[in-house]
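Since every read-out is calculated from the coordinates, none of them should be taken as a lab result. Predicted model only: the values in this text are computed from it and were never measured. Methodologically, a virtual Cβ is constructed for each residue, glycine included, from the backbone with ideal geometry; neighbour enumeration extends over all protein chains shown.
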Amino acid sequence: MNALAPADWLNILAQFMLLSLLSVGGAISTAPEMHRFVVIQQHWITDTQFSASIAIAQAAPGPNVLFVAVVGWNVGGPLGAFVTMVGILLPSTMLSLWAGRWSAKHRRTRGVRAFINGMAPLTIGLLLATGWVLAEPFLRDSQHRVGALALLALSVLLMMGTKISPMWLVALGALVGALGGV
């Protein structure tokens, strides 16, 4: 963990506040941009640390957004967790409160209905991008490529063809990882 300058903390806060406003579908949908920022651009953590941050938080009970705190912790300890969580929660919470009140008054208008219908494809696209960022390090590594592709294909087929809970797939991934697979 690197010692960060005050300007770095402001940069983290600003970046996560911006991501908060783009987090359609939840904070996980902004994981590719978080990865670009903390891993590729700033080099504060590695690909492995980033993927582990998401895996640890997703395995723990609680809200999906907890991975942001784990990423923040890996970047800057307790202060990192606090800054990233304030950044990711504050703007979207304020916007949601305002938009919820406004849309309740205008729910029947064509514009509000079109907006709601248009958000589904955007959310799906952001979640697919997140899946790609998490899988890419394994797909680049020839030793893990076949196993990663097999787990991806199995997950997609099971999610599309059954009503199985995604938690079983998370458990499968954890088991494969614990056994040294993929």
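So which trypsin sites (Lys or Arg not before Pro) in region 123-166 are both in a DSSP loop and have at most 15 other Cβ atoms within 10 Å of their Cβ?
For trypsin sites (Lys or Arg not before Pro) across region 123-166 that sit outside H, G, I, E and B with at most 15 neighbouring Cβ atoms in 10 Å, the list reads Lys163.
In terms of the Cα gyration tensor, with a ≥ b ≥ c the square roots of its eigenvalues, is region 111-174 rounded because a/c is under 1.5, prolate because a/b exceeds b/c, or oblate?
Oblate.
Taking the Cα centre as origin and putting +1 on Lys and Arg beta-carbons and -1 on Asp and Glu beta-carbons, what dipole magnitude results for the chain, to the nearest 20 debye?
So the dipole magnitude of the chain works out to roughly 980 debye.
Using θ = phi - 60° and the Karplus curve 6.51 cos²θ - 1.76 cosθ + 1.60, what whole-Hz ³J(HN,Hα) does each residue of region 147-153 get, with Gly and Pro shown as x?
Result, rounded to whole Hz: x, 5, 5, 5, 5, 4, 4.
Starting at the first residue of region 131-138, write each ³J(HN,Hα) from the Karplus equation 6.51 cos²θ - 1.76 cosθ + 1.60 with θ = phi - 60°, in whole Hz, x for Gly and Pro.
Karplus-based 3J(HN,Hα) across region 131-138 equals x, 5, 4, 6, 8, 3, x, 6 Hz.
So, counting K/R as plus one and D/E as minus one, what does the shell of residues with Cβ under 15 Å around Phe138 add up to?
Residues close to Phe138 contribute a combined charge of -1.
Given a 10 angstrom Cα cut-off, can you work out which residue in Val170, Val83, Val38 is the most mobile in a GNM of the chain?
Comparing Val170, Val83, Val38 in a Gaussian network model of the chain, the most mobile one is Val170.
Any chance you could run the full-extension gain for Thr109 through Leu127? It's 0.36 nm times the residue separation minus the Cα-Cα distance, nm to one decimal.
3.7 nm
Could you please rank His144, His43, placing first whichever residue has the fewest other Cβ atoms within 10 Å of its Cβ?
His43, His144
Based on DSSP H runs of at least 4 residues, each adding -39500 (n - 2.57), what is the mean residue ellipticity at 222 nm of the chain after dividing by all its residues, to the nearest 500 deg cm²/dmol?
-26000 deg cm²/dmol
Which one, Ala99, Ala69, Ala52, has the greatest fluctuation when you compute a Gaussian network model over the chain with C-alpha springs under 10 angstrom?
Most flexible of the set in this elastic network: Ala99.
Return the Rg/Rh value of region 47-182, two decimal places, where both radii are evaluated on C-alpha atoms and Rh is the Kirkwood radius.
Answer for region 47-182: 1.04.
Choose one answer from Met17, Met159, Met34: the residue with the largest mean-square fluctuation in a GNM of the chain with alpha-carbon springs under 10 Å.
Of Met17, Met159, Met34, the Gaussian network model singles out Met159 as fluctuating most.
What distance in nm separates the simple spin-label points at Ile116 and His43, each placed 7 Å from Cα in the Cβ direction?
Label-label distance for Ile116 and His43, simple model: 4.8 nm.
Taking R0 as 35 Å, what FRET efficiency do you get between Ala99 and Ile56 from their Cβ-Cβ distance, rounded to the nearest 0.05?
Efficiency, rounded to the nearest 0.05: 0.65.
Out of the trypsin sites (Lys or Arg not before Pro) in region 36-138, which ones are loop residues according to DSSP with at most 12 other C-beta atoms within 10 Å?
Arg107, Arg108
Mind sorting Asp47, Asp141 by how few other Cβ atoms lie within 10 Å of their own Cβ, fewest first?
Ranking Asp47, Asp141 by Cβ neighbours within 10 Å, fewest first, gives Asp141, Asp47.
Treat the count of other C-beta atoms within 10 Å as a stand-in for reagent exposure and order Ser155, Ser103, Ser29 from fewest to most.
Fewest to most other Cβ atoms nearby, the residues stand as Ser103, Ser155, Ser29.
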